[in-house]
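The values are calculated or read from the model by the stated rules, or taken from the named source; none is laboratory data. The structure displayed is predicted, hence computed values, not measured ones. Glycine also receives a Cβ, built like all others from the backbone with ideal geometry; neighbour counts cover every protein chain displayed. Quick note on the areas: whole protein, heavy atoms, side chains included, nothing else; ligands and nucleic acids left out. Shrake-Rupley method; radii C 1.70, N 1.55, O 1.52, S 1.80 Å.
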Amino acid sequence: MNRQRRAVYPGTFDPITNGHLDIIHRALAVFDCVTVAVISNPAKKALLALPERMALIRRVTHGLRGVEVASFDGLLVDFLRTVRGDVVIRGLRAISDFEYEFQMALMNRRLNRHAETVFMMPDEKYTYLSSSLVKEVVRFGGQVRGLVTPPVERVLKEKFRKAVYF
Ligand code: COA
């Protein structure tokens, strides 16, 4: 019997945006399962704690068959082995993403020769989107409808409402 093909979609997801969701949908069209792998200690300082980032992903992917949400620490290739993943999915929004993604893909392959990376392009309406931009817009009271789902917008608004600025 054929084994299910599992893709791992890693990232910080601080927070998950509609651009990320777009990639998840595209990955589900190709793979049986998509594990959204949330890095627990990102290199960049996250606004949302790991459980908050994971809870939002679970909420906005609820009902999507084949999606799992997990966290990881350490090397992505080790996580890939742990979940018996076949490929790493990365979104390519623009040429500017390419160099960094190319380096990561090759390093991951060097670390584990079975680690293949599949690049997917989100819908062009999301090509300028990033989690940082969304946070900045919400922080200063701007409109993010259509860029993130309502639960994400609510959580961000609440975070910034509570935040104290010096
Ligand atoms: N839609 C919207 N935004 C998108 C996007 C899309 N389709 N694709 C990427 N982005 C944005 C993200 O929101 C993020 O924005 P931000 O910088 O404002 O937060 C940015 O593009 C890229 O971040 P992300 O996708 O979260 O990836 P990352 O670069 O933070 O994460 C890891 C990279 C976690 C996958 C990588 O660091 C890793 O694998 N770490 C584990 C350690 C390891 O194995 N290192 C060796 C790897 S060579």
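Restricting attention to region 56-105, which residues are farther than 25 Å from Val152 by Cβ, out of contact with any strand residue (DSSP E or B) (no Cβ under 8 Å at 6 or more places or on another chain) and of a type in the set (Lys, Arg)? Correct list: Arg81 only.
Taken over region 140-166, the criterion of being within 14 Å of the ligand (Cβ to nearest atom) and either farther than 23 Å from Asp97 by Cα or in a helix (DSSP H, G or I) (or both) is satisfied by Thr149, Val152, Leu156. Does Ala43 fit the bill of being closer than 29 Å to Glu153 by Cβ, free of Cβ contacts under 8 Å to residues at least 24 places away in the same chain, surrounded by fewer than 19 Cβ atoms within 10 Å (Cβ to Cβ) and near the ligand (Cβ under 8 Å from one of its atoms)? Answer is yes for this residue.
If I ask for residues that are in a loop (DSSP other than H, G, I, E, B), surrounded by 17 or more Cβ atoms within 10 Å (Cβ to Cβ) and among the charged types (D, E, K, R), which ones from region 76-102 would you list? Matches in region 76-102: Asp86, Arg93.
Selection of region 1-21 for residues being open to solvent by 20 Å² or more (accessible area, probe 1.4 Å) and more than 9 Å from the ligand (Cβ to nearest atom) yields Met1, Asn2, Arg3, Gln4, Arg5, Arg6. Is it true that some residue in region 49-57 is at pLDDT 95 or above, closer than 24 Å to Val134 by Cα and assigned to a loop (DSSP other than H, G, I, E, B)? Yes, region 49-57 contains at least one residue that is at pLDDT 95 or above, closer than 24 Å to Val134 by Cα and assigned to a loop (DSSP other than H, G, I, E, B). Among the residues of region 61-78, none qualifies, meaning not one is over 22 Å from Val118 (Cβ atoms), touching a residue at least 60 places away in the same chain (Cβ under 8 Å) and not aromatic (Phe, Trp, Tyr). The number of residues in region 103-139 being open to solvent by 100 Å² or more (accessible area, probe 1.4 Å), more than 12 Å from the ligand (Cβ to nearest atom) and at pLDDT 95 or above comes to 1.
Somewhere in region 22-36, is a residue within 13 Å of the ligand (Cβ to nearest atom), in a helix (DSSP H, G or I), closer than 16 Å to Ser130 by Cβ and open to solvent by 30 Å² or more (accessible area, probe 1.4 Å)? Don't jump to the end; show me each part of the working.
Taking region 22-36 as the starting set, the residues that turn out to be within 13 Å of the ligand (Cβ to nearest atom) are 22-27, 35-36.
Of the ones still in play, those that are also in a helix (DSSP H, G or I) are 22-27.
With closer than 16 Å to Ser130 by Cβ added as a condition, the list becomes 22-23.
Keeping just the survivors that are open to solvent by 30 Å² or more (accessible area, probe 1.4 Å) gives none.
No, region 22-36 contains no residue that is within 13 Å of the ligand (Cβ to nearest atom), in a helix (DSSP H, G or I), closer than 16 Å to Ser130 by Cβ and open to solvent by 30 Å² or more (accessible area, probe 1.4 Å).
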